[in-house]
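> I have a structure I would like to understand better, so I am pasting it below and will then ask my questions one at a time.
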Amino acid sequence: MAVRMLEGQEVSPVNTDDLELALHGAEQRVLKIQTKLHRWARDDPRRRFDDLFNLVADPAFLLVGWDRVQGNKGARTAGVDGRTARSVKAEQGVGEFLDGLRLQLKDRSFRPLPVRERMIPKSGGKSRRLGIPTVADRVVQASLKLVLEPIFEADFRDCSHGFRPRRSATDALERIRIVGGRGHHHVVDADIKGFFDAIDHDRLLEKVARRISDRRVLKLIRKWLRAGVMEDGTVRTATAGTPQGGVISPLLANIYLDELDRIWESTHGHLGRLVRYADDFVILCRTREQAEEALRQVRALLEGLRLELHPEKTRLVETGLGKQGFDFLGCHFRIVKSHFKGRCYLFRWPSRKVMNAIRSRIRDLTGRRRWARMKDIREVIRVLNPVLRGWCGYFRTGNASDAFVAIDRFVRARLLKLLRRRGGQRTWRPGGRPFRNRDWPHRRFVTEHGLFQLLGTIRYPGGLHAA
């Protein structure tokens, strides 16, 4: 039965003259409503929500949505209309822009535009499609996500970790490390083929409609799904899939795959533990027979969702001592015998692919042509440090000591190469002596020039337990 709610609670447009003050008030209002929505959804798993469209058009939700969009890395990227968050702010002003969006939503004149397609290079010479919506579409999607997320979060399973509040890739990696270290050494390492391009629109909307009965919300989602892609000046109508790059796409993907999580845990959980991050997942099993049966069952479940496993990226692997292990979310997992206690544990460290990628990135940032006019090595270090800190922040929770030592050495070698080849290198020669590598140990770059050092930053996450 549909449930109508929050009627009569619409407020006047937020005064955006003082954005910081307005944003604080908007965030408080949004959080209060989200808490109510989540509690109602959690207390009644069969409840359907109506009258949500007014929340999507609520000034507070739109303002918080704008803040999420303009603070995102893609804020400088324009959609098919050529506008960015920066240009909107400079040319029109945030208040006028959001008031216009609100009026379009209220009088039903809002029309999503096609996404601009951009190809993102991947390893091996391949590339993936990234859809870039307009700023207006991104803001409205962000507002809708603020409304829908607390409702569906009440339904999502613990095995799902990707693109969810208060969950991260580290949680998924730790779940694998803990479960895999307790005898689950046979793994189904799976990947869904072309997942974001293969999502069935009708099936997706059916799954959204199990919780949402507001037809205006469902119609808005359908418009985004069918807005199409602008490719070489021509619009290609989408019959399936949700473009990667849309603000709401990860939430819709989790809604679509929640059926996989639910059926697996209720029916096939005895075969192995499922750990999923978006469209990548593993199933940790105790025996080879269980892993083989798990692969058969998950293939059948995905066929029911009109999806299929990638034939080349899906395989059965073992993590036992001396076995090949597997890669997941940039980490390599394998059973290793501890040097200290002599016992065997499931360790994880940066994969070979990731190591090659960070070396390539450092090589680009320390190229000779890039620094042809370098005056001080600190200039290079200031560019390197954010990259090193970000990479360290992701991998520091694993067994990455050896990898960190290797990258620290690689960074020093690249900096030494710049120092040797620069015409002004004599300004750094101690005492005017010929340049010698031993005069520049790694600790000198760290203590005197501020280079970020990876070694010594390992911190194991606490409070994570396998259910």
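> Modelled with pLDDT of 95 or more, within 30 Å of Arg177 (Cα to Cα), of a type outside the set (Val, Ile, Thr) and touching a strand residue (DSSP E or B) at 6+ places or on another chain (Cβ under 8 Å): which single residue out of Arg359, Arg352 fits that description?
Working: Arg359 fails: touching a strand residue (DSSP E or B) at 6+ places or on another chain (Cβ under 8 Å).
Only one candidate passes the filter, namely Arg352.
> Right, another one. Filtering region 355-372 down to residues that are buried (at least 17 other Cβ atoms within 10 Å of the Cβ) and in a loop (DSSP other than H, G, I, E, B), which residue is farthest from the chain's Cα centre (by Cα)?
Trp371
> Go through the residues of region 223-234 one by one and say whether even a single one is at positive phi and without any contact (Cβ under 8 Å) to a residue 24 or more places away in the chain.
Looking only at region 223-234, we keep the residues that are at positive phi, and these are 228, 232-233.
Still in the running and without any contact (Cβ under 8 Å) to a residue 24 or more places away in the chain: 232-233.
Yes: one or more hits.
> What residue, among those in region 263-291 that are open to solvent by less than 20 Å² (accessible area, probe 1.4 Å) and under 22 Å from the mean Cα position of the chain (by Cα), is farthest from Ala253 (Cα to Cα)?
The selected residue is Ile283.
> Next up: Are any residues in region 348-358 under 13 Å from Phe326 (Cβ atoms) and in contact with a helix residue (DSSP H, G or I) (Cβ under 8 Å, 6 or more places away or on another chain), and if so, which ones? Quick ask: steps written out before the conclusion?
Our first condition is that a residue be under 13 Å from Phe326 (Cβ atoms); within region 348-358, this holds for 348-349, 351-353.
Hits for region 348-358 are Arg348, Trp349, Lys353.
> When only residues in region 227-262 that are in a loop (DSSP other than H, G, I, E, B) and modelled with pLDDT of 90 or more count, which is most open to solvent (accessible area, probe 1.4 Å)? Full working, then the answer.
First, pick out the residues of region 227-262 that are in a loop (DSSP other than H, G, I, E, B): 227-228, 232-233, 237-243, 245, 247-248.
Filter again for modelled with pLDDT of 90 or more, leaving 247-248.
Values: Val247: 40, Ile248: 8 Å².
For region 227-262, the residue satisfying everything is Val247.
> In addition: I'd like the full set of residues that are over 18 Å from the mean Cα position of the chain (by Cα) and in a loop (DSSP other than H, G, I, E, B), limited to region 158-186.
Gly181, Arg182, Gly183, His184, His185 - these are the residues of region 158-186 that are over 18 Å from the mean Cα position of the chain (by Cα) and in a loop (DSSP other than H, G, I, E, B).
> Go through (1) among the β-branched types (Val, Ile, Thr); (2) under 22 Å from Leu455 (Cβ atoms); (3) in contact (Cβ under 8 Å) with a residue 60 or more places away in the chain one by one and return the number of the condition Val317 breaks.
(2)
> Still on this model: Does region 325-354 hold any residues that are of a type outside the set (Val, Ile, Thr) and part of a helix (DSSP H, G or I), and which are they?
Kept after step one, since they are of a type outside the set (Val, Ile, Thr), are these residues of region 325-354: 325-334, 337-353.
Those that are of a type outside the set (Val, Ile, Thr) and part of a helix (DSSP H, G or I): Arg352, Lys353.
> Right, something else. Under 7 Å between Cβ atoms, which residue pairs at least 6 apart in sequence (or on different chains) link something in region 264-284 that is free of Cβ contacts under 8 Å to residues at least 40 places away in the same chain and at negative phi with a partner that is part of a helix (DSSP H, G or I) and open to solvent by less than 20 Å² (accessible area, probe 1.4 Å)?
Every condition considered, the pairs that remain are His268/Ala294; Leu271/Ala294.
> I would also like to ask the following. Of all residues in region 292-324, which are part of a loop (DSSP other than H, G, I, E, B) and open to solvent by 70 Å² or more (accessible area, probe 1.4 Å)? Before the answer, list the steps.
As a first pass, look at region 292-324 and keep what is part of a loop (DSSP other than H, G, I, E, B): 305-308, 310-314, 319-324.
Correct list: Arg306, Glu308, Pro311, Glu312, Lys313, Leu321, Gly322, Lys323, Gln324.
> Sticking with this structure for a sec: Give just the number: which of (1) surrounded by fewer than 17 Cβ atoms within 10 Å (Cβ to Cβ); (2) within 20 Å of Pro114 (Cβ to Cβ) does Asp202 not satisfy?
(2)
The values are calculated or read from the model by the stated rules, or taken from the named source; none is laboratory data. Keep in mind it's a predicted model, so treat the numbers as computed, not measured. FYI the Cβ positions are ideal-geometry reconstructions off the backbone, even for glycines, and counts take in every protein chain you see. When the accessible area is computed, the model is the full protein with side chains, heavy atoms only, and any ligands, DNA or RNA have been set aside. Shrake-Rupley method; radii C 1.70, N 1.55, O 1.52, S 1.80 Å.
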